[in-house]
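Chemist: Can you keep this structure in mind? I'll have questions shortly.
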Amino acid sequence: MNPYIAAAVAEMDKVPVSRLEYPGSWALDPASCRFLAAFVRALGATRILEFGSGFSTLMMAREIAAVQDNYLLSIDDSPRYSAMAKEAFDGSGCQARVEFRVAPLRPKFANSKLLLSYSLPEGLIGALGPFDLVLIDAPHHDYGREAVFYDVFQAVAPGGYIVLDDANREGMEKKYVRSWDAAYGQAIQPVLLEGIGNGLCVIEKFSDASPAAPPFADAVLTSLKTVRNLTRLLLRGEH
Ligand SMILES: C[S@@+](CC[C@H](N)C(=O)[O-])C[C@H]1O[C@@H](n2cnc3c(N)ncnc32)[C@H](O)[C@@H]1O
């Protein structure tokens with residue numbers, strides 16, 4: 001097994017998750033929080049990018065707080081939950097350099113598919129990288145997390161990692177990982193940790209690469225699903 005993953009699995013039970021601080025079911029599962037913190041420590045990560053602000057932000061920030069030049073950029077599409085995460089972080093006393101940003105979801109073509117993607121200023125993620133670790137724990141529901149990988153791939157340092165939560169979900173995260181695997185081939189190595197929380201997929205990036213285009217049917221079906229998801233998002237009035 002990958003030595004960093006093995007080290008994190010071996011150490012994760014020693015990571016405390018405070019019952020007083022843990023906000024409940026919307027947050028990353030406690031076991032996943034433990035793994036993530038132990039993984040940040042094992043990697044010696046300094047720069048982290050996160051999609052889905054909340055308790056995971058604090059868990060990772062605490063691990064990098066003592067590291068020089070640490071930086072965590074936490075992105076969420078919800079102003080409300082981003083503000084709640086910032087408030088919890090500010091009240092924690094953690095000294096890590098953490099920046100919270102709100103970026104609404106909008107449709108965008110990525111690797112020949114219409115997907116929902118976070119609307120960030122062009123080039124921002126690349127300019128703030130390279131990142132050692134990216135956590136994908138949002139957007140919620142089935143709005144799709146597929147675009148995030150295409151958006152961040154170039155900003156992840158070779159030898160860096162992308163961790164996807166809820167990786168046991170059929171037809172969603174499992175499908176996204178299959179698509180990324182097919183698109184990036186030898187440039188990445190996904191490892192599914194089925195037994196941790198709702199499943200974590202830890203994806204190592206070996207090298208920079210351009211994604212191979214998906215099969216036409218996949219591109220069409222995924223794009224249609226995005227149109228449905230966008231309609232739901234607009235009807236819910238969240239954007
Ligand atoms: C699965 S949550 C995880 C957030 C974060 N990674 C954590 O560990 O707390 C992902 C998304 O759900 C939304 N969210 C967070 N708390 C929520 C709540 N109580 N009700 C509805 N949505 C929530 C946020 O916008 C966030 O992007």
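The values are calculated or read from the model by the stated rules, or taken from the named source; none is laboratory data. Just so it is clear, the structure is predicted and the values come from calculations on it, not from any experiment. Here Cβ is always computed from backbone atoms with ideal geometry, including for glycine, and neighbour counts include all displayed protein chains. With ligands, DNA and RNA removed, areas are computed over all heavy atoms of the protein, side chains included. Shrake-Rupley method; radii C 1.70, N 1.55, O 1.52, S 1.80 Å.
Chemist: Taking the options Asp208, Asp218, name whichever one is surrounded by fewer than 13 Cβ atoms within 10 Å (Cβ to Cβ) and among the charged types (D, E, K, R).
Modeler: Selected residue: Asp208, the only one of Asp208, Asp218 that is surrounded by fewer than 13 Cβ atoms within 10 Å (Cβ to Cβ) and among the charged types (D, E, K, R).
Chemist: Separate question: Name the single residue, out of those in the range 147-190 being within 16 Å of the ligand (Cβ to nearest atom) and open to solvent by 40 Å² or more (accessible area, probe 1.4 Å), that is nearest to Leu221 (Cα to Cα).
Modeler: It comes out as Arg169.
Chemist: Same structure, new question: Here are some residues: Ala27, Ala42, Ala66. Which one is part of a helix (DSSP H, G or I) and either on the phi < 0 side of the Ramachandran plot or out of contact with any strand residue (DSSP E or B) (no Cβ under 6 Å at 6 or more places or on another chain) (or both)?
Modeler: Just one listed residue meets the conditions, Ala42.
Chemist: Being within 8 Å of the ligand (Cβ to nearest atom) and open to solvent by less than 10 Å² (accessible area, probe 1.4 Å) is the filter; apply it to the range 33-58 and report the residue that is farthest from Val98 (Cα to Cα).
Modeler: Among residues in the range 33-58 that are within 8 Å of the ligand (Cβ to nearest atom) and open to solvent by less than 10 Å² (accessible area, probe 1.4 Å), the one farthest from Val98 (Cα to Cα) is Cys33.
Chemist: For the range 98-115, does any single residue satisfy the condition of being within 16 Å of the ligand (Cβ to nearest atom), in contact (Cβ under 8 Å) with a residue 40 or more places away in the chain and more than 19 Å from Leu234 (Cα to Cα)?
Modeler: Yes, the range 98-115 contains at least one residue that is within 16 Å of the ligand (Cβ to nearest atom), in contact (Cβ under 8 Å) with a residue 40 or more places away in the chain and more than 19 Å from Leu234 (Cα to Cα).
Chemist: So in the range 11-36, with the set limited to residues that are free of Cβ contacts under 8 Å to residues at least 12 places away in the same chain and not basic (Lys, Arg), which one is farthest from Arg62 (Cα to Cα)?
Modeler: Within the range 11-36, the match that is farthest from Arg62 (Cα to Cα) is Ser25.
Chemist: Does Ser25 satisfy the criteria of being within 25 Å of Leu120 (Cβ to Cβ) and either within 18 Å of the chain's Cα centre (by Cα) or exposed (fewer than 15 other Cβ atoms within 10 Å of the Cβ) (or both)?
Modeler: So Ser25 does not fit the description; no.
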